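The next block holds one structure in the form of structure tokens; read it before the comments.
The values are calculated or read from the model by the stated rules, or taken from the named source; none is laboratory data. This is a predicted model, so every value here is computed, not measured. Neighbour counts run over all protein chains shown; Cβ positions are idealised from the backbone, glycine included. We work out accessible area using only protein heavy atoms, side chains counted, and drop any ligands, DNA or RNA first. Shrake-Rupley method; radii C 1.70, N 1.55, O 1.52, S 1.80 Å.
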Amino acid sequence: QDRAELGPAWRLLRTQCMAMGWRLPRCDPRAPLQPSFGACRFLAALALVASVCNPKSAASSDGGSTLAAAAVGVPEERRHAAPKVRPRPGQGGRVVGQPPPGLFVAERLAPDFLSCADQGPWREFRATLSHVTADRGAIGEGDGTSASAGGSLFSGGRRLAGSPTRFTEQSWIGGRRRTSIWRGCALVSPAAVATALRRAVELMEFYGKAWELLIEEPATLMLVCQEVPNLQAPRQVCLPGFANALASTLRIALDLAAGRCGSGHIEAIEAAAVESPRVAGLLAEVRTPDRQGLKELGQELLQLIRMPMMPLLLLDSAPWPFSFANFTQLVAEALGDPRHGSWREPKGGGTWDPTRRSASWMWTIRSPTYQSVVQHIGVPVRVRVWSLGLHATLAMEPESIWVDVISASGVWDIAVESVLAQNYCNVGSLGRCTTHSELSDLLRQHVVKSAPASNGLNKFPHVPDPDGLAAEFQSLARADPGIANADILMCSEPPFFCTFFLGLGKPIFGYIGNPFGAYLRLQEQQEAFYRKFHDALAADPRNSFACMSPYLSALVYWHTGVSVPTVQPLGLYTGASYRPELADILVTKTIFVHWDMVCVLNRFAERLSSAEAASGVKPWRRQYNGTRFVQLTRLTDRSWTNWGRHKAAVFLPYDPQQMVFYELYSMGMPLLVPDAQMLPLFIRLGYTNLRDFDYKRPGWSPPEDELAYAWTEDAGLWELRWWSSLTDFSRSPHLLRWGSVPELLEKLLHSDLRAVASRMRRETEVRLLAAADFWRGAFARALLPP
């Protein structure tokens, strides 16, 4: 049969069957054969026979539906009933339905490597902890003097970081999910507290070496999710279980040190200390005046939180009582600094407003200043731009707005000659790599593509002799016809290339998407560039500069004292839009996170499908058995168009700004991004935040009332949270934020993705208008007569 004819007939049949309450598989008869295609093909062929037998009635939707209904035996009185279409969750329909209660929780979905239910010691320890923790719903709203005697059901969402005295809404970052709290000595029997402490200490001692191996060899963490034969070290230790052993030990020790446990609890713990030297040592540390042992344990937890490999990333996705928020609260109590608590709003960093604009931003197309300049120059305005950059898509971002949007208005006629080298100049088979051989050779001689950062983890490119490169470039530039004929010179990556254009007598544009001191390793080199930018580049009214994110704009101000407006990338050069044809979900690459996130997400999806089947849902009514995650960098077809065919994308950031985020956002691709609690840890070690760039223009220091917090990789957790709130990952609307894998799956499968995509496209249109206004004003100001 001609498959093109099967589609409409199949939709008629499926609509009528839904009206009867049947759930047929969502399949496309025109698509390649699937394992369940047999039933699809049979029913679609049956509908096709009905339409072929009576072409006249098949011409109308009502007749076709009636005939298809008759073919499958629908009673006469129900043939003309209005169809009640029930779209599957997450497929983009207007009605997405509510998730089944109690399904999207870690207790139901966590794989064995997180629940550790198949390991006896850890299973018993988790049962022990259930006696000293409880649901937040079991605790009174006041000071926590009432509690149920039962255990707790731990959700996959964020939980209250157990304060020992009061449990208030102000100190809870939960929302609608259930939370787990530490019940404390006042609510738990002495025997239960002593048993929990002794068991935690024993597990820490027994599995200590396996834990150290797992932490010291990050590559082994990649194997935890995999079904690797004879894999011993990662399997020996339950990662969330060991973390909970550390947390429960510190929690009990803090309660003892603060005098929250009565004599009965102390006697029970002393009795356990007789049999366990580790418990005895902990008790001795608690009783020392300086409590140095507690501070060291708090520092150990803090180091665990800040580890580049992020071993606690899936803590809230595991069915264990201590969550990530609990860990930060324990660190806050042990170190005596409440700012570590992750449920606190990121405040205190200053009054810096990332939405403020420079004067050039106000040159909108309707402003009198802009109109007078255009009339003075004359229409059409022909402009030639010569662009230099080592990151092709960053340079192409403003170019696409100039050529495709501003020039299309008829007022401007903008032509761009781009010298794009080294990075991504042939991405998507664009063929944008420069043919300027002399410049290519010059850059190849002076740019070192990879050099270790001071932390020993990162690697980044640099220019050992920036002054020598600048001198040789200017010698070439004075004889280059493209530069000589250009009206405006454009620089992108790295920002210090903008200084090469000084002395050429032409207006300069800059689009900043890297650390402002990128490619400069030495302090004196960076400080010299910051001085030139402030004194020469930014001081010339014909020059215009923009940052791709509010985060970078704040950093440029921190480095130089110059306020640079933000123009978010729009990715017009991709030519792609969100047109979901595949059920797969993209997962972007990570650099420092050593979890195999595609494996982890697929394991959770498998458990979700199994949980739905175990709940008795008939096979034809199941909704969650087609969810699959794929690595974006491993796609056979890595074109932007193919990206847009996928259902959604899980975005895992590794830097405060990334072009792939803006490319996906501008397509209208629904994005699932880490929430405010985890985001700072994802971007902490990004290229932008390296301590190698912790320098300012000599004589300049930002006012503390504007930018008070440190921003480098060594900054405190509270400082990192404040700075991460300036990223577009945090500020952009219509993102689906998650703190755990169960929450991610729920938002993916029970959100109206088409509505989300539509709202993202509208936001992109607003950004496009603002970007066009900025660049029109920049061109108008650049072409003003001296």
Residue in region 619-642 that is most open to solvent (accessible area, probe 1.4 Å), counting only those that are under 24 Å from V741 (Cβ atoms), modelled with pLDDT of 85 or more and basic (K, R): R634
Options A200, A243: the member that is modelled with pLDDT of 90 or more, farther than 18 Å from M307 by Cβ, in a helix (DSSP H, G or I) and not charged (D, E, K, R): A200
Residue tally, condition open to solvent by 60 Å² or more (accessible area, probe 1.4 Å) and either within 36 Å of the chain's Cα centre (by Cα) or within 27 Å of W402 (Cα to Cα) (or both), over region 466-483: 3
Test for E704: is it open to solvent by 10 Å² or more (accessible area, probe 1.4 Å), touching a Phe, Trp or Tyr at 6+ places or on another chain (Cβ under 8 Å), in contact (Cβ under 8 Å) with a residue 60 or more places away in the chain and of a type in the set (D, E): no
Residue list for region 245-284, filter: acidic (D, E) and in contact (Cβ under 8 Å) with a residue 24 or more places away in the chain: D255, E267, E275
Residues (part of a helix (DSSP H, G or I) and either among the β-branched types (V, I, T) or open to solvent by less than 20 Å² (accessible area, probe 1.4 Å) (or both)) located in region 540-565: P550, Y551, L552, S553, A554, L555, V556, H559, T560
Number of the condition not met by G739 [criteria: (1) open to solvent by 20 Å² or more (accessible area, probe 1.4 Å); (2) at pLDDT below 95; (3) within 17 Å of the chain's Cα centre (by Cα)]: (1)
In region 378-407, the residues that are out of contact with any strand residue (DSSP E or B) (no Cβ under 8 Å at 6 or more places or on another chain), open to solvent by less than 60 Å² (accessible area, probe 1.4 Å) and touching a residue at least 60 places away in the same chain (Cβ under 8 Å): T393, S400, I401, V405
Test: residue in region 595-618 that is open to solvent by less than 50 Å² (accessible area, probe 1.4 Å), charged (D, E, K, R), in a helix (DSSP H, G or I) and under 29 Å from L685 (Cα atoms): yes
Residue list for region 408-454, filter: modelled with pLDDT of 85 or more, charged (D, E, K, R) and either surrounded by 14 or more Cβ atoms within 10 Å (Cβ to Cβ) or in contact with a strand residue (DSSP E or B) (Cβ under 6 Å, 6 or more places away or on another chain) (or both): D413, E417, K449
Matching residues in region 486-528 - criterion: being open to solvent by 40 Å² or more (accessible area, probe 1.4 Å) and in contact with a strand residue (DSSP E or B) (Cβ under 6 Å, 6 or more places away or on another chain): D487, K506, R521
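Quick one: which residue in S730, S751 is in a helix (DSSP H, G or I) and out of contact with any Pro (no Cβ under 6 Å at 6 or more places or on another chain)? Walk me through it before giving the result.
Values: S751 fails: in a helix (DSSP H, G or I).
Unique residue meeting the criteria: S730.
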Whichever residue in region 107-134 is among the hydroxyl-bearing types (S, T, Y) and open to solvent by 20 Å² or more (accessible area, probe 1.4 Å) and, among such residues, is modelled with the lowest pLDDT: S130
